[in-house]
Amino acid sequence: MESEKTDLPRDAVRVSYTRLPFAREEEEIGVDTPLSRSSRAGVSSVQPMPERSRFALSGATLLSLVSLARVALQFAAIPLLARLLGPYPYGLMAVAMPVILVAMQVSDFGLSSLLIRQRNRADEDTGFWIGTVISLFVSVALIGIAWFVGERIHPEAGPVILGMVAMPWLTLAMAVPLARLTRENRLGIIALGDMAGAVLGLGVAIYGALADWGVWCLVAQQLVLLLARALTYLIATRYSPRFAFDRLRFRELFAGGASLTGSNLFATASRSLDNLLVGVLIGPRPAGAYTMTYQFVRLPDTVIGGPIFLSLTGRFARSTDASDAAEPAESAGVLFATKLRSLAFVIVPAMVGLALLAEPVVALLLGPQWAGADKILAALCGAGLFLALGTVNLAVTTGIGAYRLRAVQSAVQFVAVLAAVAIGAMWDVVIVGWAVSAAYALQFAWAAMAVSRRLGASSLAPLTALAMPTLGAAALIASVLAARAFIDLDMGPIADIALFGTIGAAAYVATIVITRRRAIKQDLADIMALLK
């Protein structure tokens, strides 16, 4: 990733099919809020990051490598879990997990983001006790929601929600330590917690699947994953809350946390509500197939999205810091378009290739119980593509302090995904996948143009930056479709993936090299800088 130090993290850990919520929004710069007033008055201003550039580089690299290792480990276990469990348990989790994710977001109350900028111990302790009171109400609400879901929606989903009622408390426990680690650029500790949670969680899940626990092995996986992370962060930071409460800090933190939480809830709902609605409107089994295939399309975002967000947020934050030599608006706009194109060069062929090879991928990894899931996977690849590219939009809006713009973008994404699922559910789960992909594409295009305008550049600049990756994708599609039409050796899924994947990759690279021959060296340098 970019080697510069950063101020804000992004949620780097995912539960089995969706992201844990640690999104980063606060009040927009220039908006008169209690937190912004105190910052201007010097009460709780942003302190300069410690000089740890060497550690920041190794930490970010380690975090990215751990993300890759964690995903590799998870996908290595998928064939076993998928064959042992089948779609139904994943469908139950699809109904229950969105409720838990919202509860976790409320319990966090934006503290894991808000406290990054607050070095005062009084802020940490006051924030923790705010979160504690909120988590008590969240626990009571979860019990009521579990009863309602069990009675009105699905009898087996209610107990699953109750089984995960401790997860919001674990989220709260790691909020202050996570903020400390991010503020100090101790990304290696975050990576260690990620890996420990992933390994232990998957171990429990596999054991439970072999022991015929059913859906409860997936519940245990989530609990162990969060517990391992929380313990790692708490031990590393040695944080223990004091019985202290500052009224002035309370007003500031509550105002900022409420703003963050409202925005984050929209983002969380848009990323998980589709699973819930598919389970409610179509049924647990289709929801299980939808949830499982969604893991595949989230792969690029899971591996490199978090570290890229870290690096780009800090880059754009420094470009607008009044204490630095601020970059001209035009330069920031060019930087935005360049980073977007660099990420697209990597993400576009991966997602287009996955869509074209969905059938052998599903056959190889999931087995016969998941027949038909390949069509859902192909339909959702567009969602994975634009979700990953949207990382750049989120990083820029966070870095430049455009928190209100990011909140609006999250709200638009939520409404678009909700409408897509409602419309697609009138037919079947495959149409839901195509509708969700279209919703993410439209939201991404609008958000990218809005960000570009905010940076003082042309609104069409980000879309123009995607022209070359799009042309390469067209060549990839044409070559793979032609090869599959003329080559039918029935060699099995592994051979199909290797052969047609190689043909498509060669066509993509050749197209980019030919059309960008004068700028290919700079493109490669930009890609390496992004993924450094």
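Values for this structure:
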| read-out | value |
| --- | --- |
| Any pair with Cβ under 9 angstrom, 6 or more apart, that starts in segment 390-407 at a residue that is within 25 Å of Pro300 (Cα to Cα) and ends at one that is in a helix (DSSP H, G or I) and of a type in the set (Asp, Glu) | Gly390/Asp301; Thr391/Asp301 |
| Count of residues meeting criterion [modelled with pLDDT of 80 or more and open to solvent by less than 10 Å² (accessible area, probe 1.4 Å)] in segment 230-271 | 2 |
| Residue list for segment 414-458, filter: in a helix (DSSP H, G or I), open to solvent by 20 Å² or more (accessible area, probe 1.4 Å) and of a type in the set (Gly, Ala, Ser) | Ala416, Ala419, Ala422, Ala435, Ala438, Ala441, Ala445 |
| Matching residues, segment 470-494, being at pLDDT below 90 and among the hydrophobic types (A, V, I, L, M, F, W, C) | Ala485, Phe486, Ile487, Leu489, Met491, Ile494 |
| Top-ranked residue of segment 158-192 - restricted to ones that are modelled with pLDDT under 85, open to solvent by less than 10 Å² (accessible area, probe 1.4 Å) and among the small types (Gly, Ala, Ser), ranked as farthest from the chain's Cα centre (by Cα) | Ala179 |
| Tabulated pairs, segment 485-514, first surrounded by 15 or more Cβ atoms within 10 Å (Cβ to Cβ), second of a type in the set (S, T, N, Q), C-beta under 8 angstrom, 6+ apart or interchain | Ile503/Ser479; Gly504/Ser479; Ala507/Ser479 |
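Quick grid of which residues meet (1) modelled with pLDDT under 90; (2) surrounded by 22 or more Cβ atoms within 10 Å (Cβ to Cβ); (3) out of contact with any helix residue (DSSP H, G or I) (no Cβ under 9 Å at 6 or more places or on another chain):
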residue: Ala350; (1), (2), (3): no, no, no
residue: Leu357; (1), (2), (3): no, yes, no
residue: Pro360; (1), (2), (3): no, no, no
residue: Leu366; (1), (2), (3): yes, yes, no
residue: Ile376; (1), (2), (3): no, yes, no
residue: Leu380; (1), (2), (3): no, yes, no
residue: Leu385; (1), (2), (3): no, yes, no
residue: Arg404; (1), (2), (3): yes, no, no
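The values are calculated or read from the model by the stated rules, or taken from the named source; none is laboratory data. The shown structure was predicted, so the numbers you read here are calculated from the model rather than taken from an experiment. Here Cβ is always computed from backbone atoms with ideal geometry, including for glycine, and neighbour counts include all displayed protein chains. These area figures cover heavy atoms from the full protein model, side chains too; ligands, DNA and RNA do not enter into them. Shrake-Rupley method; radii C 1.70, N 1.55, O 1.52, S 1.80 Å.
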